[in-house]
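Report on the structure given below.
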Amino acid sequence: MTASLKQILAIVSLTLLLVSCIPETRDAEVKYAGALRTLMSGNLEATAALDTLSKRKNLYALGAFENLKGEIQIFNGRAFNTSVASKKVVFDTTFDKKAALIVYAQVANLQNIEIPNRINSSLKLEGFIEEQAKALGINTEKPIPFLIEGNAQSLHWHVINWKDGDTVHTHQKHKESGLNGVEENKEVEIIGFFSKSHKTVFTHHSTFLHMHFKTDNNEIAGHIDDLEMGNEMLLKLPAK
């Protein structure tokens, strides 16, 4: 065997070893990079490159771009990320950017649960998700990914566009820095994560939920600030 051939084989072996060491996420296991409390302290640097997740199957994710220049929404491996340009919401379907905060899971199978009409607010939804997860044997002490589909009666949203150099962060300023609005009686698809132990990490201090959305016609997508449920909406939780 020539020296050059030995070198080629050594490089191939090393490449295969490195690839095999990339950790695989277990089904429905929630991972994250960055933290809300870090953003609120003024550190807006990237913590993850989206292209490292682009090949993962059944990927669901939400978050914010580095420097808080837009929102991340990934539904079953397809990106519906949004930013603000010329006072309009602009979509980015690539995985070219980096995230200051991202929460994600790979979920191969989901099961549908009808949401009763009495569950008409984000607070009631929080309790309903925990109740249904327990009934399905899902460990509610760990983070849980979920989807919601249907007609939302009222959905308050924003797409962040943080002003460069502004070091004073509040939740209200985050909502008002870019574009915001209210969608009424719109068909939406919502991606969310439930956790009782990640307040100020990937949920705000007053809730166990972090949710993003896109409209059925892909006209708007972004962060959900408040949600009033409509009739005949479906909750989708990981299938055991």
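The values are calculated or read from the model by the stated rules, or taken from the named source; none is laboratory data. Here the structure is a predicted model, which means the values were calculated and not measured. Glycine gets a Cβ as well: all are built from the backbone with ideal geometry, and neighbour counts include every protein chain shown. The area values use the complete protein model at the heavy-atom level, side chains included, leaving out ligands, DNA and RNA. Shrake-Rupley method; radii C 1.70, N 1.55, O 1.52, S 1.80 Å.
For N151 and H171, the FRET efficiency from 1/(1 + (r/R0)^6), where r spans their Cβ atoms and R0 equals 30 Å, is about 0.65. Full extension of the chain segment joining N58 with E45 gains 2.0 nm, where the gain is 0.36 nm per residue of separation less the Cα-Cα distance. For E228, put the label point 7 Å out on the Cα→Cβ axis and report which residues of the range 130-154 keep their amide N under 16 Å from it. Inside the label zone: 151-154.
Here the contact order of the chain, divided by its residue count and restricted to Cα pairs under 8 Å and six or more residues apart, works out to 24 percent. In the set (1) 19.5, 75; (2) 26.2, 85; (3) 17.1, 50, the label that goes with Rg and Dmax of the Cα atoms in Å computed for this structure is (1). Approximating the spin labels as points 7 Å out from Cα along Cα→Cβ, the T207-to-E219 distance works out to 2.3 nm.
In the chain, helices alone account for a calculated mean residue ellipticity at 222 nm of -5500 deg cm²/dmol, with every DSSP H run of four or more residues adding -39,500 (n - 2.57). Straight-distance candidates among the lysines for linking to K97, with alpha-carbon spacing under 22 Å and chain neighbours fewer than 8 residues away dropped: K31, K55, K57, K69, K87, K88, K163, K175, K214. Scoring 49-56, 27-34, 125-132 by mean Cβ neighbours within 10 Å over their residues and listing the highest first yields 27-34, 125-132, 49-56.
Bridgeable aspartates and glutamates around K173 (alpha carbons under 14 Å apart, same-chain partners fewer than 8 residues away excluded): D164, D225. Here the range 217-240 is scanned for amide nitrogen atoms under 17 Å from the site 7 Å beyond the Cα of E187 along Cα-to-Cβ, giving 217-221, 230-235. Computed with a 1.4 Å probe over protein heavy atoms only, the accessible surface of the chain comes to 52 Å² per residue. Within the listed set N161, N139, N81, the residue fluctuating most in the Gaussian network model of the chain (springs between alpha-carbon atoms under 10 angstrom) is N139.
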